[in-house]
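The values are calculated or read from the model by the stated rules, or taken from the named source; none is laboratory data. Quick caveat, the model's predicted, so the values are computed rather than measured. Cβ atoms come from the backbone with ideal geometry, glycine included; neighbour counts cover every protein chain shown.
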Amino acid sequence: MSDDVHLDPNVPGNPAYHFTIVPAGSPGAVGWTERPALVPGAALATQCVHAGVQPDPAYGAVMPPLYMSSTFAFGDICTNAGFDYTRSGNPTRAALEEAITLLEGGGGATCTSTGMSAVIVALNLLPHGSHLIATVDCYGGTFRALEHAKAAYGLEVTYLELADLDAVKAAFRANTRMVWIETPSNPLLRLTDIRAVSSLARAHGALTVVDNTFLSPVLQQPFRHGADLVVHSTTKYLNGHSDVVGGAVVSAPDQVAMRQRIQSMNNLLGTSQSPHDCFLVLRGLKTLLLRMRAHERGAQMVADYLAQHPAIAKVHYPGLPGHPQHALAKTQQQGFGGMLSFELADGRAERVNHVLRTLRWFTLAESLG
């Protein structure tokens, strides 16, 4: 038996299940009076399988039902069953939000229609006239969103190598309200010391946002290092099947009020994720740990091979001892991840195209996971 399986509900920290016994054939004939609350001591593999899952109180279904309704009936003018309109909230989406909250160790998650909508929701938390510090090699979609906000709304943005803490410290202004971190970055796999940068941000009254898409909560939990918000493209590793687009914004345990602001902004912008897509991501989470470990093993093998290949000039992968932030990766992360990039010794376009044409198991397409 795995050491993360506990059967005694009387042992502190173990999930306890409570049946309600009611007459056969009556509504709720099989029901749970209490959600099996996962606790910090539960192993991550257990949390991936059980997070956000509550057996259906009506029929005992072990997976959350897919609530495709656009609207929900009120009992009277002031009373509903917790939901009124799916853009504002939906039981299937709520199950996924709870699962992501538990896996990240956060205070609350909000699921959005795409990864970019998660970025936009987070940026819309900024007041007018704000200054933002961002990693210089951030994801292209994030960069375009920041540049649009600069031109259209007057957002001030400073792009920096966030590994240079002196430069980060010098970049803060009186109106700096947010620091945007991608670690590892896309596509150069550069790392940022989350704890060091978030400490600087907090001292200046700014929020620290970490895009955790490249590692997932299996391999990195930014809230442990002082982050205020975590964003995800759930399209990628969290879903893991290339059949959904989605995103999430997660607030820190000490930023519970922030979750309400994020939910309100998501509702206002109309960027809520559909129930069907939430259902698929919730399915993907069950194999997240297994998939991330497999991705990491494969990436390490490919990186080791490429690092010795005469046609390769440079490999960007934190799992290589020669990576400039290999030591930081070992302390900040719980693994090196499944993403890498490399540079050809002969970087001419025709050579690059030849390499891409001869790949067998790698699809020339956007996305990952």
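Observations
- From the list S242, S264, the lone residue that is surrounded by fewer than 24 Cβ atoms within 10 Å (Cβ to Cβ) and either in a loop (DSSP other than H, G, I, E, B) or among the acidic types (D, E) (or both) is S242.
- Each residue in the range 168-202 was checked for being under 26 Å from S216 (Cβ atoms) and part of a loop (DSSP other than H, G, I, E, B), and 11 of them qualify.
- Filter pass, F223 being within 23 Å of the chain's Cα centre (by Cα), assigned to a loop (DSSP other than H, G, I, E, B) and touching a residue at least 24 places away in the same chain (Cβ under 8 Å): no
- Within the range 267-285, considering residues that are in a loop (DSSP other than H, G, I, E, B) and of a type outside the set (S, T, Y), the one surrounded by the fewest Cβ atoms within 10 Å (Cβ to Cβ): G270
- When the test is whether a residue is touching a helix residue (DSSP H, G or I) at 6+ places or on another chain (Cβ under 9 Å) and loosely packed, with under 11 Cβ neighbours inside 10 Å, G322 passes it.
- Taking the numbered list (1) in contact with a strand residue (DSSP E or B) (Cβ under 8 Å, 6 or more places away or on another chain); (2) more than 23 Å from Q334 (Cα to Cα); (3) surrounded by fewer than 23 Cβ atoms within 10 Å (Cβ to Cβ) in turn, A118 passes all entries but (3).
- Qualifying positions in the range 22-44 - under 26 Å from the mean Cα position of the chain (by Cα), modelled with pLDDT under 85 and among the small types (G, A, S): A37, G41, A42
For (1) modelled with pLDDT under 95; (2) among the aliphatic types (A, V, I, L, M), each residue gets a yes or a no:
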{"residue": "P275", "(1), (2)": "no, no"}
{"residue": "L289", "(1), (2)": "no, yes"}
{"residue": "Y305", "(1), (2)": "no, no"}
{"residue": "F336", "(1), (2)": "no, no"}
{"residue": "S341", "(1), (2)": "no, no"}
{"residue": "G347", "(1), (2)": "no, no"}
{"residue": "R351", "(1), (2)": "no, no"}
{"residue": "R360", "(1), (2)": "yes, no"}
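- Pairs where the first residue, in the range 354-367, is under 25 Å from V245 (Cα atoms) and not assigned by TED's automatic domain parsing to the domain that holds I312 and the second is surrounded by 10 or more Cβ atoms within 10 Å (Cβ to Cβ) and among the β-branched types (V, I, T), C-beta under 8 Å, 6+ apart: S367/T235
- Look at (1) within 22 Å of S264 (Cα to Cα); (2) modelled with pLDDT under 85; (3) among the charged types (D, E, K, R) and you find that R87 fails only one, number (2).
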